[in-house]
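Just so it is clear, none of the values below were taken in a lab; they were calculated from the coordinates. The structure presented is a predicted model; accordingly, all values stated were derived computationally and were not measured. So basically every Cβ, Gly included, is an ideal-geometry build from the backbone, and we count neighbours across all protein chains shown.
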Amino acid sequence: MTLAEVVPFPRVPQPDGSAAVLCGLGTWLPPRVVPNAEISRRLDTSDDWIRARTGIRQRHVVEPGMCTSDLAVEAGMRALKSADTDHVDAVVLATTTPDRPCPATAPDVAHRIGLDRVAAFDVNAVCTGFLYGMASGAGLIAAGVAERVLVIGADTFSTITDPDCRATAAIFGDGAGAVVLRAGSPHELGALGPFDLGSDGADADLIMVPAGGSRRRTPASDAERYFTMAGKAVFRKAIFQMAGSAQSVLRKAGLRLRDVDKFVIHQANARILNGVADMLGQPAGKFVRNIEQVGNTAAASVPLAMSSACESGELRAGQQVLLGAFGGGLTWGSTVLRWPAIEIL
Ligand code: COA
């Protein structure tokens, strides 16, 4: 099934200086690599099954004692260096695995990067977190609250993955990616276009950690402390919502599907990427893939995919790019940009 070709709206002009321009990108992965074989020695699964059903060969995982802020600091510092700056006015950290339930992790990350006294807050939109984080950063710039914003997506899902659950253990990996957004003109390379963001709380239970919040503070069993998902239902909804959101953002941007050179969307499962490509009637080759190497890294997924596509030469300055994601909440989001000429660190 494919969706109809997008009929664009005329683009609404934006005043110069109010657009958020992506001007730096940095990533960091914890050094420890867990290949599928290591999981299949422990659980009732196999390298063949994981590769065939998800496209994943390996993932990076934190060592005990390493937490989300450690990854976020490394990626954040690299993004600042890539943007050739040591100052931003705000730090937005997208994460579902904060160091502690309270306070937010972003102020600690800002402090450790040397960004004392700047605005800093967390955003939790699970795997859509980086899109929500970029939209928040772009909003601070458009409102004149900030001239530069560091947006970080960092997650350590290995810390909330049930060691006995073969479905989640096979999928998730840890990592971090960050971008610097600066105020600029909507006509520049790197200027973020409109955003499409959405949610559907009616399906909140499809992806969740049941206990630990105000609803159920103390877990009734060990399993309730861990991340759970209804794999099949999530699979179908991920395809449908990412395809729909891509269409919505293109319509808002005055672009057509055929104008997009590269889709950089959440790396949840290689078959989900194929499903979105089919639904949009686009060649699978337009969809950037790094899931084989890193698995599903939640809020870090989109910046890690951008980075590996730049490294491989697949993503080049001037190309029309669509960024998209889907995650717990449920949540989804997309934006567009022409890829800027930046050094990736
Ligand atoms: N190894 C072997 N078998 C596995 C397995 C694994 N790692 N994980 C699940 N299975 C089993 C299931 O238990 C099920 O067994 P059953 O039929 O005896 O109950 C069987 O495989 C088929 O399950 P199904 O859910 O149909 O498999 P699938 O092909 O859909 O793949 C997922 C399972 C989890 C990989 C897939 O549903 C998925 O990727 N869902 C989306 C997950 C996601 O993206 N989550 C984050 C959202 S941002």
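Our Cα-only numbers for the chain put the radius of gyration and Dmax at 18.8, 57 Å.
Kirkwood hydrodynamic radius for segment 69-122: how many Å is it when counted over pairs of different Cα atoms?
On the way: mean 1/r = 0.0900 Å⁻¹.
Value: 11.1 Å, from the Cα pair sum.
Our helix-only sum for the chain, with -39,500 (n - 2.57) per DSSP H run of n ≥ 4 divided by its residues, gives a mean residue ellipticity at 222 nm of -9500 deg cm²/dmol.
According to the square roots a ≥ b ≥ c of the eigenvalues of the Cα gyration tensor, what is the shape class of segment 260-313, taking rounded for a/c under 1.5, prolate for a/b larger than b/c otherwise, and oblate for the remainder? Write down the numbers at each step before the final one.
Working: a/c = 2.02, a/b = 1.30, b/c = 1.56.
Here segment 260-313 falls in the oblate category.
For segment 52-174, compute Rh as the Kirkwood radius over C-alpha pairs and then the Stokes-Einstein diffusion coefficient at 25 °C and 0.890 mPa s; write the answer in µm²/s, rounded to an integer. Write down the numbers at each step before the final one.
Working: Rh = 15.2 Å.
Rounded to a whole number, D works out at 161 µm²/s.
Please work out whether segment 190-338 counts as rounded, prolate or oblate from its C-alpha gyration tensor, where a ≥ b ≥ c are the square roots of the eigenvalues and a/c under 1.5 means rounded, while otherwise a/b larger than b/c means prolate and anything else oblate? Cα axes put segment 190-338 in the prolate bin.
Backbone amide hydrogens, once placed in the peptide plane, bring residue 314 within less than 5 Å of nothing, excluding anything fewer than 5 places away on its chain.
Sequentially through segment 118-123, phi angles give Karplus couplings (6.51, -1.76, 1.60; θ = phi - 60°) of 7, 4, 8, 8, 9, 10 Hz, Gly and Pro residues having no value and appearing as x.
When the GluC sites (Glu not before Pro) in segment 311-345 are filtered for DSSP coil states and for at most 13 other beta-carbon atoms within 10 Å of their beta-carbon, the remaining sites are 343. Remark: segment 256-262, residue by residue, has Karplus-estimated 3J(HN,Hα) of 10, 3, 6, 6, 7, 7, 9 Hz, where x stands for each Gly or Pro and the curve is 6.51 cos²θ - 1.76 cosθ + 1.60 at θ = phi - 60°.
Helices that extend 20 Å or more along their long axis by alpha-carbon positions and average at least -0.5 on the Kyte-Doolittle scale are, among the DSSP H runs of the chain, 68-82, 231-253. Residues within the reach of a label modelled at residue 233 (point 7 angstrom out along Cα to beta-carbon, backbone nitrogen below 18 Å), restricted to segment 321-345, are 326-332. You can think of it this way: the chain between residue 187 and residue 18 has 59.7 nm of extra reach, that is 0.36 nm per residue less the Cα-Cα gap.
Note on residue 312 and residue 34: the extension gain reaches 97.8 nm, defined as 0.36 nm multiplied by sequence separation minus the Cα-Cα distance.
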